[in-house]
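K.L.:
One structure, pasted below without further comment.
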Amino acid sequence: LALVEAMAGVGHWRYDFRSGKVTWSPEVYRIHGVSPDTFDPNLDRAVGAYHPDDRPILEEFVRRAQATGEGYEFVLRLQRLSDNATRIVTAKAEVETDAGGAPIALFGVFQDVTERELQLQRLSAALQETEHARAEAIKSEARFRALGENGSDVTMQTDLSGMLVYVSPSVVRVAGYTADEMLGRPTLSF
């Protein structure tokens with residue numbers, strides 16, 4: 001199990017409601033940046049490792065799980081205990097019950113997903129940048145078309161082979177041809 005956890009970067013943990021004892025697997029210690037030899041987790045210390053803005057969220061998840069027997073899932077910010085570096089972690093928890101169905105413990109899995117989240121943020125920023133560039137290109141084309149369609153100067157655009165791909169309507173006044181008659185033909189034919 002320890003080998004699988006280390007390879008996957010996923011740890012497991014358990015919080016006993018009755019005794020208050022918290023147990024972490026080696027991978028959970030590693031994610032927190034502490035050693036089992038020097039750090040004894042309890043609920044306050046475990047919750048205290050989270051970003052101050054995220055602590056109330058986790059406290060509410062634990063309170064609700066103990067009261068209702070419902071598990072939870074989250075993505076929150078953790079402040080590593082060894083170096084105070086902010087890490088993004090995900091956890092999924094289930095409630096363990098006694099024979100009568102009363103909640104007795106909370107257990108779950110825990111993973112550092114910082115790199116994945118940073119990649120998603122970079123991808124999202126790149127997509128937003130692309131969408132912004134696309135919107136600017138559409139605006140630019142609309143301005144170009146408005147000038148071409150309403151200006152008195154003749155505006156033409158050709159492809160690399162010299163074929164007309166755009167001709168402004170004002171060409172009728174100058175050349176006697178409509179823009180539609182000229183499109184798709186070589187410029188030298190006029």
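The values are calculated or read from the model by the stated rules, or taken from the named source; none is laboratory data. Note that the structure is a prediction, hence the values are computed from the model and not measured. Here the Cβ positions follow ideal geometry from the backbone for every residue, glycine too, while neighbour counts run over all protein chains shown. Side chains included, ligands, DNA and RNA excluded: accessible areas come from the protein's heavy atoms. Shrake-Rupley method; radii C 1.70, N 1.55, O 1.52, S 1.80 Å.
K.L.:
Within region 17-33, can you find the residues that are of a type outside the set (D, E, K, R) and open to solvent by 20 Å² or more (accessible area, probe 1.4 Å)?
P.N.:
F17, S19, G20, T23, W24, P26, Y29, G33
K.L.:
Listed residues A142, A137, A179; which is among the hydrophobic types (A, V, I, L, M, F, W, C), open to solvent by less than 50 Å² (accessible area, probe 1.4 Å) and farther than 30 Å from I31 by Cβ?
P.N.:
A179
K.L.:
Shifting gears a bit: Could you check region 57-90 and list, in sequence order, the residues that are exposed (fewer than 14 other Cβ atoms within 10 Å of the Cβ) and on the phi > 0 side of the Ramachandran plot?
P.N.:
N84
K.L.:
Here is a follow-up. If A91 satisfies all but one of (1) assigned to a loop (DSSP other than H, G, I, E, B); (2) at pLDDT 90 or above, what's the number of the condition it fails?
P.N.:
Against the list (1) assigned to a loop (DSSP other than H, G, I, E, B); (2) at pLDDT 90 or above, A91 comes up short only on (1).
K.L.:
Given the criteria part of a strand (DSSP E or B), within 15 Å of the chain's Cα centre (by Cα) and at pLDDT 85 or above, does I104 qualify?
P.N.:
no
K.L.:
A further question follows. So, in region 113-163, how many residues would count as being within 30 Å of K92 (Cβ to Cβ) and assigned to a helix (DSSP H, G or I)?
P.N.:
Within region 113-163, residues that are within 30 Å of K92 (Cβ to Cβ) and assigned to a helix (DSSP H, G or I) number 15.
K.L.:
Ok, one more. Quick one: A93 ticks every box in (1) exposed (fewer than 14 other Cβ atoms within 10 Å of the Cβ); (2) touching a strand residue (DSSP E or B) at 6+ places or on another chain (Cβ under 8 Å); (3) of a type in the set (G, A, S) except a single one, so which number is it?
P.N.:
(1)
K.L.:
Please list, ordered by first then second residue, the pairs with beta carbon atoms under 6 Å, 6 or more apart or interchain, first in region 139-157 and closer than 11 Å to V171 by Cβ, second at pLDDT 75 or above and open to solvent by 60 Å² or more (accessible area, probe 1.4 Å).
P.N.:
Matching pairs, first to second residue: V154/V174.
K.L.:
If you check R116, R122, R77, which single one turns out to be farther than 16 Å from D16 by Cβ and touching a Ser or Thr at 6+ places or on another chain (Cβ under 6 Å)?
P.N.:
R77
K.L.:
Looking only at region 34-56, filter to residues that are more than 23 Å from E73 (Cβ to Cβ) and open to solvent by less than 50 Å² (accessible area, probe 1.4 Å); which one of those is farthest from the chain's Cα centre (by Cα)?
P.N.:
Of everything passing the filter in region 34-56, F39 is farthest from the chain's Cα centre (by Cα).
K.L.:
Do we have any residue at all in region 164-176 that's part of a loop (DSSP other than H, G, I, E, B), surrounded by fewer than 14 Cβ atoms within 10 Å (Cβ to Cβ) and out of contact with any Asp or Glu (no Cβ under 7 Å at 6 or more places or on another chain)?
P.N.:
Yes, that holds for at least one residue.
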